[in-house]
Amino acid sequence: MRTLERISKFVGDTFAIWVLLFAVLAFSMPDYFAWLAKYTVPLLGIIMFGMGLTLSTNDFKEVFRRPKDVLIGVIGQFLIMPLLAFGLAKGLNLPPEIAVGVILVGCCPGGTASNVMTYLAKGDVALSVAITSVTTVLAPVVTPFLILLFASEWIPVNAGSLFWSIIQIVIIPIILGFLAKTLFQKPAEVGAKALPLISVIAIIAIVCGVVASSQEKIATSGLQIFGVVIIHNVLGLLIGFLFGKMLGMDMAKRKAVSIEVGMQNSGLGVAIATAHFSPLSAVPSAIFSVWHNISGPIAATIFSRMKGQEEDGETKLSLPSKNTTIEK
């Protein structure tokens, strides 16, 4: 088991490298990887089940201890990234499938990799975990509404169908994971040690399926998509930080909000695009999955050197209990 833990940790720490490597392979040899696309939804369900295994009631305590701070983070998450995505899609006159894909990833909840990045940034980890948990719970209602609001200009959107998909893909697996942890605590703890490895394998498979099935279109528009994804993510991190500052948050909280806003559960974006739209519309989420695992550590390094006078002493620099490789 210790060997598995070491392998799991190594693969989790080098996640971005593995995703880039296999994405290149999938692009170069699409016939070998295209079959993975049809397993996107169950693979994300496995990842969400793993999140449920690591979820605890403590993750929601900050909602009641500091409702204002959590509300700021949740509003920032569901306001900044969707508006940025819509603005980029309109301003850059993106093709419909790409525009919808960018908006999809912008409307997704936060990814739990943000919790680790917040820790590395010396930010408010407890706040980060609470925001991730709340946005994930709200996603079945808020994400379809936002997609309907911003993406319907380019493509018909069935909000009810999206709602049910997110319930199936996210909420039910999380609940099952939480129940498994509650009813079978020791086996669940053992299984949780392998979660980073399982999550990495699952997200690599998802990215490979998307890249392989959209290889021809990526060849012609890949640079445009990559550029938009980078701009979207970087602006999200920057505006998220300024949003927290504007509302009077201290430095540690600003770091948490910035990273929560900038890092999305892009795996959910891939699953929604694959199930309801087109393979090409899943590409921005797939690229975002790779990119934010590069930009996240860079932002965390920069933030870790930024000092601020803490106003309330509520910053907690303990490693989050969640599966840290979800939400790629």
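The values are calculated or read from the model by the stated rules, or taken from the named source; none is laboratory data. Since the model is a prediction, treat every value here as computed from it, not as a measurement. Virtual Cβ from ideal backbone geometry, glycine too; neighbours counted across all protein chains shown. Surface accessibility is based on the protein's heavy atoms, side chains included, excluding ligands, DNA and RNA. Shrake-Rupley method; radii C 1.70, N 1.55, O 1.52, S 1.80 Å.
Scanning segment 238-256 for residues that are crowded, with 23+ Cβ neighbours inside 10 Å and of a type in the set (A, V, I, L, M) gives Met249, Ala252, Ala256.
Scanning segment 32-42 for residues that are open to solvent by 30 Å² or more (accessible area, probe 1.4 Å) and touching a residue at least 12 places away in the same chain (Cβ under 8 Å) yields Tyr32, Phe33, Ala34, Trp35, Lys38, Tyr39, Val41. Report whether or not Ala99 is at pLDDT 90 or above, of a type in the set (Gly, Ala, Ser), farther than 21 Å from Gly248 by Cα and open to solvent by less than 10 Å² (accessible area, probe 1.4 Å). Against the criterion (at pLDDT 90 or above, of a type in the set (Gly, Ala, Ser), farther than 21 Å from Gly248 by Cα and open to solvent by less than 10 Å² (accessible area, probe 1.4 Å)), Ala99 qualifies. Regarding Ser161, is this residue assigned to a helix (DSSP H, G or I), open to solvent by less than 30 Å² (accessible area, probe 1.4 Å) and either among the polar types (S, T, N, Q) or closer than 21 Å to Ser221 by Cβ (or both)? So Ser161 does not fit the description; no.
Taking segment 104-133 as the range and being at pLDDT below 85, among the hydroxyl-bearing types (Ser, Thr, Tyr) and closer than 15 Å to Gln264 by Cβ as the test, the residues that pass are Thr112, Ser114.
Filtering segment 115-133 for residues that are under 18 Å from Ser285 (Cα atoms) and open to solvent by 10 Å² or more (accessible area, probe 1.4 Å) leaves an empty set. Put simply, of Ile231, Ile218, Ile155, Ile198 the only residue that is part of a helix (DSSP H, G or I), modelled with pLDDT of 80 or more and either buried (at least 20 other Cβ atoms within 10 Å of the Cβ) or in contact with a helix residue (DSSP H, G or I) (Cβ under 9 Å, 6 or more places away or on another chain) (or both) is Ile231. The single condition from (1) in contact with a helix residue (DSSP H, G or I) (Cβ under 6 Å, 6 or more places away or on another chain); (2) open to solvent by 70 Å² or more (accessible area, probe 1.4 Å); (3) assigned to a helix (DSSP H, G or I) that Phe145 fails is (1).
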